[in-house]
Amino acid sequence: MKPIGAFISQKALREYGHRLLEEYGIEYVHTHLPVSPGEAEELYKGVKCLPEDVGKESYGELKRIVEELRGAGFKFFASYPVFSRPEIAEKGAEYSAWTILGKPHSARACPTNPDVLRRIVADLRCLVRIYGVEGVVLDFIRFESPMAGFDYFLTCFCPSCCEEMRRPGYDPGSIRRDWLSLAGLLGKGVFPKQMVEQGALSTPDVLDLYNEFPGVFEWFRYRNEYIENVVRTFASAVKEEGGRGTVVGANLLSPWWSLLAGQSYRALSSVLDVVEPMLYFDWMQWEGLTAVKELSRAYGVDKDLLTKFYYVATGLSTIVEPRGFDETRLSGLPSSSIEAGLRKISSWNIGNARVWPVILVVRTDTMHSLLGERISNLSMVSREFLVESVKSAVRGHADGLVYWNFDGAEKDVLRELYAVWRTGNLE
């Protein structure tokens, strides 16, 4: 059987233990493990933004649980939030990402700060060394997406990142100018309206945008090149510490959004052992909402128009008819979007990385802090929908399956999903 993994809290590990495999088929445990610098002091020499040591007693108990479950056949992937690090960003402006207008991002670490990079490498080595995990999954190994808002999406433009852009020949000044000009074009509403009516971005449209705003395209290229390079660095550190057999994976945005945040499936498939695309049926269509709201507020352009525009611009319009702002935030894509995402990823998977889609198995109904609005998938989630989601992953020839997340899922439904995945029954 192809493997099943799940993001699982330490509390659930203690509560369910061996039952995770026996009842739900979950073999690959994805969990956040605390680092313990006191157990590997030499790794942190020269690192200024040191992590807080969890203490030997707390770390020791968790290590015992990991070792016990590994002995029972479980495999552990340490999930590590690479640049989503408010505890690092709050240490000072030089540690946080900056927007295009010079505003620090309090929840994101600067991706080029040398001390931040030393800390990340030390943490990854520490996780492999002290827990003996089978692999590491790099989470938030990217720049911001539009869901953070248009301003935060345009990070990082701190002095360190601007210097990093200049090194291979990119010009931060022209990138800034072109992005602000493009924002003005979108804010007028004429271009988005034309694209929505047209139903697609044609080759002439894309080339015309490139001629008018080359800095925008260069910025995307820089983002993808930089993320590929740091992933190589992190993967090398993990394998040097744990051996060539230690698995390096990454959670990537869906293919409709990944390139905007610096994640190239084509490039990363040759670096990673496992690619874990986050094919969340709701977030795949929510991902642009906060940027839409900010642009609408700044320029007075209709939110529904801008929302429909991003369906066309990203290609989501090939899955569903473009939707307005409120309909988007209170619904999700059909289960077939998982198969569609996998087929798109397959065309980019030149390195033949294993593809384990992460699918949602929980209900979401919450106020999004940056959007300032309620987002909900309650109109979509049901036992039948989740079963169809797993079948969609089977049809898309997924090499494995990962649940987000075990704790919030209905356990009877997880048992049924296990049966569907195990048998491959598409009836």
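Per-structure values
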| quantity | calculated |
| --- | --- |
| J(HN,Hα) series, segment 354-362, from Karplus relation 6.51 cos²θ - 1.76 cosθ + 1.60, nearest Hz, glycine and proline x | 5, 10, 10, x, 9, 10, 6, 10, 10 |
| Under 5 Å, built H, 5+ apart or other chain: amide partners of Ser79 | Thr31, His32, Leu33, Val137 |
| In order through segment 387-392: 3J(HN,Hα) via Karplus (6.51 cos²θ - 1.76 cosθ + 1.60), integer Hz, x for Gly, Pro | 4, 5, 5, 5, 4, 5 |
| His30, His18 arranged by Cβ crowding within 10 Å, fewest neighbours leading | His18, His30 |
| Calculated Rg and Dmax of the Cα atoms in Å (choose from (i) 22.9, 69; (ii) 30.4, 103; (iii) 21.5, 63), label | (iii) |
| Amide H within-cut-off set for Thr99, under 5 Å, with H built and near neighbours excluded | His105, Phe157 |
| Hz values of 3J(HN,Hα) by residue in segment 104-116 - Karplus curve (6.51, -1.76, 1.60), Gly and Pro given as x | x, 9, 5, 10, 10, 6, 4, x, 10, 4, x, 6, 4 |
| Segment 235-292: trypsin sites (Lys or Arg not before Pro) falling in loop per DSSP and having at most 14 other Cβ within 10 Å | Arg244 |
| Extreme residue, positive dipole direction of segment 246-365, given options Thr318, Gly249, Thr328 (C-beta unit charges) | Gly249 |
| Cleavage-rule hits (trypsin sites (Lys or Arg not before Pro)) in segment 1-72: DSSP loop, at most 11 neighbouring Cβ within 10 angstrom | Lys45 |
| Burial ordering of Phe406, Phe157, fewest other beta-carbon atoms within 10 Å first | Phe157, Phe406 |
| Sites matching trypsin sites (Lys or Arg not before Pro) across segment 119-179 that sit in DSSP coil, with at most 16 neighbouring C-beta atoms within 10 Å | none |
| Structure-based [θ]222 nm, the chain - -39500 (n - 2.57) summed over DSSP H runs of at least 4, per residue, nearest 500 | -14500 deg cm²/dmol |
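Since every read-out is calculated from the coordinates, none of them should be taken as a lab result. Quantities reported herein were computed from a predicted structural model and do not represent experimental measurements. No Cβ is skipped: glycine too gets one built from the backbone with ideal geometry, and neighbour counts run over all protein chains shown.
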